[in-house]
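The values are calculated or read from the model by the stated rules, or taken from the named source; none is laboratory data. Since we're looking at a predicted model, the values are computed, not measured. A quick note on method: Cβ atoms are made from the backbone with ideal geometry, for glycine too, and the neighbour counts reach across all protein chains shown. Areas reflect the complete protein model, heavy atoms only, side chains present, ligands, DNA and RNA absent. Shrake-Rupley method; radii C 1.70, N 1.55, O 1.52, S 1.80 Å.
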Amino acid sequence: MADEAGIEQQKTLQSICYKRGLLQLLDQRKLPLETIYLNIRDSKDGWVAIKEMVVRGAPAIAIAAALSLAVEVSNLGAFGGTPNDAASFLSNKLDYLVSSRPTAVNLSEAATKLKGAVHKASATASDGQAVFQTYIEAAEIMLVDDVASNKAIGHHGASLIQKQQSASTSLSVLTHCNTGSLATAGYGTALGVIRALHEKGVLGRAYCTETRPFNQGSRLTAFELVHDNIPATLVADSSAAALMKAGQVNAVVVGADRVAANGDTANKIGTYSLALSANYHGIPFYVAAPLTSVDLSISSGEEIVIEERSAKELLHARGGLGEQVAASGISVWNPAFDVTPATIITGIITEKGVITKDGSDSFDIKSFTKELASK
Ligand code: MRU
């Protein structure tokens, strides 16, 4: 009970509530109508919560997965195995968690990092329990690091947009899907940039798209914007080009699920259309994402696996959660993400600064990260 009270205090727009041994996820399928937290007891619960979109958004998925396993081993009781037994137990569970959703790289990146920590610990640990302890601590750090990283993204993004818009004090920014507190450990990436502009007093209006079919924009981003008293307007995905033509958008900022080494970016379906429209209208189009969303192992977006989701999301109201609204018998194509080519992305805003193309058609993210490492 004491644990639950501790967790209770964290709950303001938080998708992930964690205390050692206890994990609760805000059921985002129920927002904005109901605020219900689900207890996640182990990696199986974590896998299902990710697959069924209780928790979504690339950084949040990675953290929720890692913590679901942290909770499982915290509550395992006595573990009589060797350090190697503990390491392979954790490694197998992490592989299982990675299989929940394929497109966002943050989850597999986190699993690789955690496996590395566990492997290293198993070489010197006295018993399996000590390896579990290392795992738990490494998973817990992700929660703290993500908020700091998002605040840095917000800061870099807001300064950039302000500079590019000749210090206007009434900037209008369009965003897509949900990249806010609900999609991360807190503050958000693209929505973090909007929050930072608002904090600086230079945001005139945020526009959020509905984000069909699952409506992450109308249900979640609109909820966050209203909660924070940020001046905001909801638009249908299909009205974005008209809004741009009407001169109502100074910049578009979106998140990312996987960024290839050349800057091609997979993000929520509809992002590509927004980038094309922005490009046509001469509006800067930014991707805001932590470096954990970058996959340097792939040279272009061609190699990104795009998740296809159930037909029900289109056939039924509320992204598949409500009653059937489409004609029975129609076939459906429902990709959850699309890939925006680097050519039409103006800049990639990370926690370590903004990556630009410097006159070329694509980004050189390998050089950007190499330079960071040499500093
Ligand atoms: O299917 P979802 O809701 O997980 O898709 C989320 C997005 O596409 C976000 O833009 C992306 O994960 C970045 S969240 C900071």
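Taking THR189 and the conditions (1) touching a strand residue (DSSP E or B) at 6+ places or on another chain (Cβ under 9 Å); (2) away from the ligand (no atom under 12 Å from the Cβ); (3) among the polar types (S, T, N, Q); (4) in contact (Cβ under 8 Å) with a residue 12 or more places away in the chain, which numbered condition does it fall short on, given that it satisfies the others?
(2)
Whether any residue in the stretch 268-287 is in a strand (DSSP E or B), open to solvent by 10 Å² or more (accessible area, probe 1.4 Å) and either under 18 Å from THR221 (Cβ atoms) or not assigned by TED's automatic domain parsing to the domain that holds GLY353 (or both) is what I want to check.
Looking for residues that are in a strand (DSSP E or B), open to solvent by 10 Å² or more (accessible area, probe 1.4 Å) and either under 18 Å from THR221 (Cβ atoms) or not assigned by TED's automatic domain parsing to the domain that holds GLY353 (or both), one finds at least one in the stretch 268-287, hence yes.
Run down LEU76, LEU94 and say which single residue is within 24 Å of LEU22 (Cβ to Cβ) and buried (at least 20 other Cβ atoms within 10 Å of the Cβ).
Answer to the check: LEU94.
If you take the residues in the stretch 42-70 that are under 15 Å from TYR96 (Cβ atoms) and open to solvent by 50 Å² or more (accessible area, probe 1.4 Å), which one is farthest from the ligand (Cβ to nearest atom)?
LYS44
For residues in the stretch 198-213 being open to solvent by less than 10 Å² (accessible area, probe 1.4 Å) and touching a residue at least 40 places away in the same chain (Cβ under 8 Å), which is nearest to the ligand (Cβ to nearest atom)?
THR211
Going through the stretch 297-322 one residue at a time, which ones are assigned to a loop (DSSP other than H, G, I, E, B) and open to solvent by less than 60 Å² (accessible area, probe 1.4 Å)?
Correct list: ILE298, SER300, ILE304, ILE306, GLU307, ARG309, ALA311, ALA317, GLY322.
If I filter the stretch 97-112 for residues that are without any contact (Cβ under 8 Å) to a residue 60 or more places away in the chain, touching a helix residue (DSSP H, G or I) at 6+ places or on another chain (Cβ under 9 Å) and surrounded by fewer than 16 Cβ atoms within 10 Å (Cβ to Cβ), do I get at least one hit?
yes
Output the number of residues of the stretch 257-267 satisfying the condition of being open to solvent by 10 Å² or more (accessible area, probe 1.4 Å) and either in a loop (DSSP other than H, G, I, E, B) or more than 10 Å from the ligand (Cβ to nearest atom) (or both).
4
Restricting attention to the stretch 332-348, report how many residues are of a type outside the set (A, V, I, L, M) and either within 12 Å of the ligand (Cβ to nearest atom) or part of a strand (DSSP E or B) (or both).
Matching residues across the stretch 332-348 total 6.
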